[in-house]
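Visitor: Okay, handing you the structure first.
What follows is calculated from the coordinates using simple rules that are stated; it is not laboratory data. Since the structure is predicted, the reported quantities are computational estimates derived from the model, not experimental observations. FYI the Cβ positions are ideal-geometry reconstructions off the backbone, even for glycines, and counts take in every protein chain you see.
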Amino acid sequence: MTIRYRTVSALLVILALAVMPQFAGAVKQAYAKLQNANGDAVGMATLHRTSHGTLLHVKLDDLPPGAHAFHVHSIGKCEPPFKSAGGHYNPKGHNHGILGEDGMHAGDMPNIHVPESGSLEIEILNTQLVLDTTLFDEDGAAIVIHEGADDYKSDPAGAAGPRIACGILHK
Ligand SMILES: [Cu+2]
Ligand SMILES: [Zn+2]
């Protein structure tokens with residue numbers, strides 16, 4: 001009886017993991033140190049898993065004032081001009097854009113607005129982002145800041161222009 005009960009319990013655990021793929025291999029916390037194209041440090045993002053998605057705490061310095069697109073990209077490689085980070089993190093195969101009719105990518109987040117000082121501290125709840133094995137896959141993931149603002153609809157990247165900062169996501 002005991003053995004059978006244990007077997008059933010084990011099967012239930014396996015079943016639970018199978019129906020909740022977002023929790024399989026999930027991590028509680030992650031971080032990214034951002035740098036600009038000259039290799040200078042421009043800030044840090046820490047990510048916390050919540051039951052509603054991922055809470056990002058971002059502290060930035062020495063960035064050009066203005067509105068900048070802020071995304072999670074699908075490859076953890078930050079070689080200037082940061083094309084190496086690939087496209088937006090998009091495990092569900094959607095189109096780009098918070099305002100897109102068939103949007104959005106899990107890596108899409110609202111623009112950040114950097115004041116004249118060049119420094120900014122913000123927190124963002126990304127309800128689409130899960131710190132799971134699709135994010136931390138073989139080629140990793142990165143956080144990228146663009147020169148221009150995301151228009152929230154142009155596929156595939158919001159017409160945000162060149163990439164000015166990048167940080168590899170680490171568990
Ligand atoms: Cu981007
Ligand atoms: Zn996108």
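Visitor: Please work out which one of (1) among the small types (Gly, Ala, Ser); (2) surrounded by fewer than 14 Cβ atoms within 10 Å (Cβ to Cβ); (3) under 20 Å from VAL27 (Cα atoms) is the condition GLY167 fails and give its number.
Guide: (2)
Visitor: Given (1) more than 14 Å from ligand 2 (Cβ to nearest atom); (2) more than 14 Å from the chain's Cα centre (by Cα); (3) part of a loop (DSSP other than H, G, I, E, B); (4) of a type in the set (A, V, I, L, M, F, W, C), identify the lone condition not met by ALA159.
Guide: All conditions are met except number (1).
Visitor: Considering only residues that are within 13 Å of ligand 1 (Cβ to nearest atom), in a loop (DSSP other than H, G, I, E, B) and buried (at least 21 other Cβ atoms within 10 Å of the Cβ), which ones fall in region 59-77? Step through it out loud before you land on a result.
Guide: Applying the first criterion (within 13 Å of ligand 1 (Cβ to nearest atom)) to region 59-77 yields 68-75.
With the extra rule that they be in a loop (DSSP other than H, G, I, E, B), the set shrinks to 74-75.
Within region 59-77, just SER74 meets the criteria.
Visitor: Run THR134 past the list (1) β-branched (Val, Ile, Thr); (2) part of a loop (DSSP other than H, G, I, E, B); (3) closer than 15 Å to GLN35 by Cα and report the number of the one that doesn't hold.
Guide: So THR134 meets the others, but not (3).
Visitor: ALA141 - would you say it is under 15 Å from the mean Cα position of the chain (by Cα) and on the phi < 0 side of the Ramachandran plot?
Guide: yes
Visitor: Could you tell me which residue of region 126-150 is surrounded by the fewest Cβ atoms within 10 Å (Cβ to Cβ), considering only residues that are acidic (Asp, Glu) and in contact (Cβ under 8 Å) with a residue 24 or more places away in the chain?
Guide: Selected residue: ASP139.
Visitor: For VAL144, work out the one condition from (1) in contact with a Cys (Cβ under 6 Å, 6 or more places away or on another chain); (2) away from ligand 2 (no atom under 16 Å from the Cβ) it doesn't fulfil.
Guide: Tallying (1) in contact with a Cys (Cβ under 6 Å, 6 or more places away or on another chain); (2) away from ligand 2 (no atom under 16 Å from the Cβ), VAL144 fails exactly one: (2).
Visitor: What number of residues within region 82-96 satisfy the criterion of being assigned to a loop (DSSP other than H, G, I, E, B) and away from ligand 1 (no atom under 12 Å from the Cβ)? Walk me through how you get there before you give the answer.
Guide: Initial filter on region 82-96 (assigned to a loop (DSSP other than H, G, I, E, B)): 82, 86-87, 89-94, 96.
Add one more test, that the residue is away from ligand 1 (no atom under 12 Å from the Cβ), and what stays is 91-94.
Residues that pass the stated criteria total 4.
Visitor: Here is a follow-up. For region 97-116, which positions are in a loop (DSSP other than H, G, I, E, B), in contact (Cβ under 8 Å) with a residue 12 or more places away in the chain and more than 12 Å from ligand 2 (Cβ to nearest atom)? Break it down stepwise before answering.
Guide: Just the residues of region 97-116 that are in a loop (DSSP other than H, G, I, E, B), to begin with: 97-102, 104-107, 115-116.
Next, only the ones that are in contact (Cβ under 8 Å) with a residue 12 or more places away in the chain stay: 97-100, 104-107, 115-116.
PRO115, GLU116 - these are the residues of region 97-116 that are in a loop (DSSP other than H, G, I, E, B), in contact (Cβ under 8 Å) with a residue 12 or more places away in the chain and more than 12 Å from ligand 2 (Cβ to nearest atom).
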